[in-house]
Every structure is written in C-alpha cells, then in structure tokens.
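K.L.:
I am attaching a structure below and will ask some questions about it afterwards.
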Amino acid sequence: MNWYILLGAAYLSLVIFVCLRILYDIQSTSKAFAYLLVTLLLPGIGMAVYFAVGANYRKNKLYSKKIISDKNLLAEISEKIVHESEKNWDSGEAEVKSHKELARLLLHDNSPLTGNNEVSLLLNGENKFPQVIAALEAAQHHIHMEYYIFENDGIGNQIKEILIRKAAAGVKVRFIYDDFGSRGIRKGFVRELVEGGVEAFPFYKIWFIALSNRTNYRNHRKIIVIDGCTGFVGGINVSDRYINPVKPFWRDTHVMIKGPGVYYLQYLFICDWNFCCGKKLPVVPEYFCSTKTKSKAIVQIAASGPDSDTPVIMYALMQTISLAKEELLITSPYFIPGETILDALCAAAMSGVKIKLLVPFKSDSALVNAAARSYYNEVLEAGVEVYLYKKGFVHAKTVVADGQLAIIGTANMDHRSFELNFEVNAMIYDAALAQQLKRAFEDDLKHAVKINPRDWGKRTLFKQLPEKLCRLFSPLL
C-alpha cells in the first residue's frame, strides 16, 4: 500500500511539474490551455506530446550552438548587408515606401533590403523544375540545396543525376535534407549522392523513424542557391506529385530570384549547413554574387525557426495585414491562424480592406481541415471572403498586398510554421510581380466556391462540434 501511495504521489508531482512548466514556458494563452487540457485529461499522452512538440526549444541547448554560429556568420557578412540595405532604403521606390514599417521590421532581423533583382513566378512543378534543371546544369562554382521533402522518384532521380555529374565536374555540391520529410531517401539514395561526390547531411537526424512525429521541429524550407547569384524558394518540394497532370491536381507556387536577393538565402543555407555537418563553411566571395540585373525588383527574406529570438514570419504577416489599405489576397493550405493573425485579419476587414482567402475544399489532414473550418465564421462575420479550392489540392503559401507586395514562401498560416518549424518567405516589393501573382490568384478563384456567410452561420451545432473540438487542440496540429 505504501508503494501505491509513493507512486501516486510521484505521478501527481510529475503532472504538477509539467503543468507548471507549461505555464512558465508558453506565453500564448490558447496554446498553454491546449497543452494543459491534454496533460490533465490524458496525463501520459499529454506529457509526451508536450515534451515532443510543445517545449520552447528556443531556450534549449539543442540550438544554442547554432544560434552562436549563425550570429558569428552574420557578423562576417554584415557589411555587405548594411551597404545593400541603405542604398535601397533611400531609393524611394513606391512599393517600399508603402511598406516601410515591414521593411524596417525585417531589417531589425538583419534581413537586407536588396534591389536590382530579377524575379520569376513559377506556378506548379511543371514550371518550376525545368528552370531548376537549367540553372543546375549551368552551375560553375557551387550548388547549395536544402529541402523538407525530396523523394526517390522521377524528378528526384533526375536532379540526383545532375548533382552527381556536376560534382564530378568540380562543382561543390552541398545538400541538406530533412530527416523526417525526406525519410524515403535516407539510405540508398543519399549513399549514391555521397559516393558521387555530393556532400549530404540530414537536418536534425532522427534515430527511430517509427517513434518520430512530423511535428518535431523540422526544416520546412525549400532553398536552392547556385553560384551565389540564382536562388529558388517557395512551397514546391522535390516530388513527382507537384508536376501536373496528376490526381489530385497540385496547385503550388515558387519563385526564382537572380541578384542580391539571394544573399540571405545563402546565409540561411550556410547557417543550416554548419549546424548539420558540425563544421564551419568558410565564407568566400563566390558565395555572394556581385552581379546586378537590369530588373528593379526589391527583395527581402523573412526567416524564422526554433532558433529565432522572435517569430519573425508571423510578425511580418501581421505587419503586412495591418499595413494593407485596399486589398489582401491570401492563399494558405493550412489556415489555423491563432489569435494574433485572426485579430489582424478581422480588424483589417472591418476597416474596409477587401480580403479574399483561398483555402482547400478538402485538406490532406482531416483534423487540420476541421480546425481550419472553425475559424471561417469569425472572418466571414468580419467581412473576409472565403473561397474553397476544388480543382485539387492548393498547397501554395502566398499573399498579395495592395497590388504592390508579393509574399511567396514555405510558411503556412498556422502555429507550426510560426513557432515550431524552420521556414522562409520571400517578400517581393514589385508591382509587376504582385500583379502576376494577383492574376494567378484570380485564375484559382475560377476553380473555387465562395462560402455564403449566411449559410455557413446556419450550420447545425452537431456539424460544428467536431470543428470546435479540433480547434481546442489547434496549437498541437
């Protein structure tokens, strides 16, 4: 009997300890409540979930060395960043003037405001991969590539063969793959790359895949940098599923950047590389292109992750919403915005900004789909127009603000992208590119149905109940 009492007391102490840690560790009220709820209702499962995906690893020693290394690297290239930013801050471009608070926010995070960039919009895999292959074939000095998902399929093997061939020709090829998202290539595929002269490392290696969870602080970035002058970033992973025609139709968006806008993508790659391989990659001039294009697009990169001091991407989106004067066109495959972004959207809509939100009719996750639907009523009541994409699955993460700013990247509009994963977005201050993305958005609306606010509000309580329950756990999804 004494043993039962001791075990019960120890168990109760553990639950109290975890609850106190949640209260002190998590600042978000809704997130803290979700973890407390699951810990108290399902103590064993709740504690496991919290320590697996909820603990604030910004303070954890896991990333302490990476943070120090990143700051030291930033100091090495800061002169180039400062010079480039000052010049473009004073350029007087209308797109920057109307979003100067956003630009200043990212400058505070040391992301340079770069001009004279040529930016190409790449819709879906069938338009992205030919450009990627051409750029890889033209590489002379180095190829730097990091992906959340890289699959052992047709396009994956085609790119693998190019990487091996370029490495044999003397080009330095470095490849980072997320050890969970790209688990299908961990063995034979990566071994072929290494044997072919490619340097390849997993990001945050997983030792037991069967026990892992997709939410465990993954590298969700998709970055390619070639010779320091050409970069690719966006939502499209390396997989045949992104190349249409496929079933379901896969709608996604990427960009190719040529010019100084690649600087910060290169910085991010080197930071991640030093963390993955455990060695410092020397910074040489060839990594940072000095060639300027004749185009005038101004580019800034927003990046954040568990190693960030603040959730920069969330702050950038919040600032974009609050600065909008006329129109916001938002595409997000996983719309679980949290209180901050939700309030910003509602306030903007109620202030007269025309907001259109495009989301999937059916997500690839039933729980995420249900949680997302719980937010629609609030934004609809505020005046946001919500459209459900039915042609296939929309995976793009984009924003068009007032026809002048385009945001294209890897970050979803959810807690996971804002707090838990390593993400990157390109902020493009260019009316021409923004208009291109706006036309693509309008074309997507042709394949979507608009939610009628009145009908949506009349749905039965029984139908809303699963959505409300999923929303309680939305910080965990």
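The values are calculated or read from the model by the stated rules, or taken from the named source; none is laboratory data. What you see is a predicted model; the values in this text were computed from it and never measured. All Cβ positions, even for glycine, are placed from backbone atoms using ideal geometry, and neighbour counts span all protein chains on display. Each accessible area value is taken on the protein alone, full model and side chains, heavy atoms only, with ligands, DNA and RNA left out. Shrake-Rupley method; radii C 1.70, N 1.55, O 1.52, S 1.80 Å.
K.L.:
Explain nothing, just the number: relative contact order of the range 94-247, from Cα pairs under 8 Å at least 6 residues apart, as a whole percent.
P.N.:
RCO, the range 94-247: 30 percent.
K.L.:
Could you order GLU195, GLU385 so the one with the most accessible surface comes first? Probe is 1.4 Å.
P.N.:
GLU195, GLU385
K.L.:
First select every other residue whose beta carbon is under 10 angstrom from the beta carbon of GLU286; then total the charges, Lys and Arg +1, Asp and Glu -1.
P.N.:
0
K.L.:
Here's a follow-up. Relative contact order (percent) for the range 382-434, with alpha-carbon contacts under 8 angstrom and 6 or more residues of separation? Please report the intermediate quantities before stating the final value.
P.N.:
Details: 59 pairs, mean separation 17.4, N = 53.
Averaging sequence separation for qualifying contacts and normalising by length gives 33 percent for the range 382-434.
K.L.:
Right, next: At 222 nm, what helix-only mean residue ellipticity would the chain give, in deg cm²/dmol to the nearest 500, using -39500 (n - 2.57) for each DSSP H run of four or more? Write out the running numbers ahead of the final one.
P.N.:
Working: 16 runs with 209 residues, N = 477.
Helix-only estimate at 222 nm: -14000 deg cm²/dmol.
K.L.:
Using the Cα gyration tensor of the range 333-477, with a ≥ b ≥ c the square roots of its eigenvalues, what is the shape: rounded (a/c below 1.5), prolate (a/b larger than b/c) or oblate (neither)?
P.N.:
Taking the square roots of the gyration eigenvalues as a ≥ b ≥ c, the range 333-477 is prolate.
K.L.:
Taking the range 136-192, which trypsin sites (Lys or Arg not before Pro) meet the DSSP loop condition and have no more than 13 other C-beta atoms within 10 Å?
P.N.:
LYS187
K.L.:
For the range 354-417, I need the span (max minus min coordinate) of the C-alpha atoms along each principal axis, in Å, sorted largest to smallest.
P.N.:
35, 28, 26 Å, listed from the longest principal axis down.
K.L.:
Another question about this same structure. What ranking of HIS415, HIS144 comes out by heavy-atom accessible area, probe 1.4 Å, highest first? Please list the in-between numbers first.
P.N.:
Details: HIS415 35, HIS144 0 Å².
Of HIS415, HIS144, the descending order of accessible area is HIS415, HIS144.
K.L.:
Here's a follow-up. Based on the inverse mean of 1/r over its pairs of different Cα atoms, what is the Kirkwood hydrodynamic radius of the chain, in Å? Intermediate values should be presented prior to the final figure.
P.N.:
Numbers: mean 1/r = 0.0431 Å⁻¹.
It works out to 23.2 Å.
K.L.:
Skip the ligands, DNA and RNA, and give the accessible area per residue of the chain with a 1.4 Å probe, whole Å². Walk me through the numbers before you get to the answer.
P.N.:
Details: 20690 Å² over 477 residues.
It amounts to 43 Å² per residue over the chain.
K.L.:
Tell me, what ³J(HN,Hα) does each residue in the range 179-185 have, in order and in whole Hz, if you take phi through Karplus 6.51 cos²θ - 1.76 cosθ + 1.60 with θ = phi - 60° and put x for Gly and Pro?
P.N.:
6, 9, x, 10, 4, x, 10
K.L.:
Same structure again: Determine the alpha carbon to alpha carbon distance for each of LYS356/LYS446; LYS356/LYS458; LYS325/LYS354; LYS258/LYS397; LYS397/LYS438; LYS222/LYS438 and list only those over 19 Å.
P.N.:
Table pairs above 19 Å Cα-Cα are LYS356/LYS458; LYS258/LYS397; LYS222/LYS438.
K.L.:
Considering only protein heavy atoms and a probe of 1.4 Å, how much of the accessible area of the chain is carbon and sulfur, as a whole percent?
P.N.:
For the chain, the apolar C and S fraction of the accessible surface comes to 57 percent.
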